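This report refers to the structure that appears directly beneath it.
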Amino acid sequence: MLELRPSCEHCDKPLPNGSADAMICTFECTFCRDCVNEVLHNVCPNCGGGFEKRPTRPTRCETQYCIENYPAGTLRKHRPVNEGAFAGLRDKMKSIPPQER
C-alpha cells in the first residue's frame with residue numbers, strides 16, 4: 001500500500017492525499033509536479049526512473065480501503081536534491097523514455 005508521503009522531497013511543498021501535484025516513481029519517491037518538471041526533468045534522483053501522478057486514496061468509506069482506515073503517511077522526507085551532483089544522471093537519462101531506462 002502506498003505511504004502517501006506528505007510532502008515533496010525536494011522543496012517540502014505539502015502534498016496531502018488528493019493533491020493533483022503529487023508525483024511518484026516506482027520506489028515511491030515523492031516530488032511535486034513543479035520539481036519533477038523544472039528540476040528533475042522526469043528523472044528520479046534516487047533510482048533514475050520516471051514519475052507518474054500519485055493515486056488518491058478514497059475519502060468515502062464505501063469499502064474498508066479508504067483514507068479513514070488507512071491514513072496517509074506523516075513522515076516528511078525533505079532531502080533537497082544536490083542539483084550539481086544530480087546533473088550527470090539527469091542529463092544522461094532525460095532523453096530516454098522512462099519505460100526504456
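Quick notes
- So residue 63, is it of a type outside the set (D, E, K, R), touching a Pro at 6+ places or on another chain (Cβ under 7 Å), exposed (fewer than 12 other Cβ atoms within 10 Å of the Cβ) and not in a helix (DSSP H, G or I): no
- Identity of the residue in segment 66-75, touching an Asp or Glu at 6+ places or on another chain (Cβ under 9 Å) and at pLDDT 95 or above, that ends up surrounded by the fewest Cβ atoms within 10 Å (Cβ to Cβ): 73
- Considering segment 83-101, the residues that are assigned to a loop (DSSP other than H, G, I, E, B) and either in contact with a helix residue (DSSP H, G or I) (Cβ under 7 Å, 6 or more places away or on another chain) or touching a residue at least 12 places away in the same chain (Cβ under 8 Å) (or both) include one that is surrounded by the fewest Cβ atoms within 10 Å (Cβ to Cβ), namely 97.
- When residue 8 is tested against (1) surrounded by fewer than 21 Cβ atoms within 10 Å (Cβ to Cβ); (2) at pLDDT 95 or above, only condition (1) is not met.
- Matching residues in segment 1-59 - criterion: being without any contact (Cβ under 8 Å) to a residue 40 or more places away in the chain, part of a loop (DSSP other than H, G, I, E, B) and over 10 Å from the mean Cα position of the chain (by Cα): 13, 19, 20, 46, 47, 56, 58
The values are calculated or read from the model by the stated rules, or taken from the named source; none is laboratory data. A quick note: this is a predicted structure, and the numbers were derived from the prediction, not measured. Cβ sites come from the backbone with ideal geometry, for glycine too, and all protein chains shown count toward neighbours.
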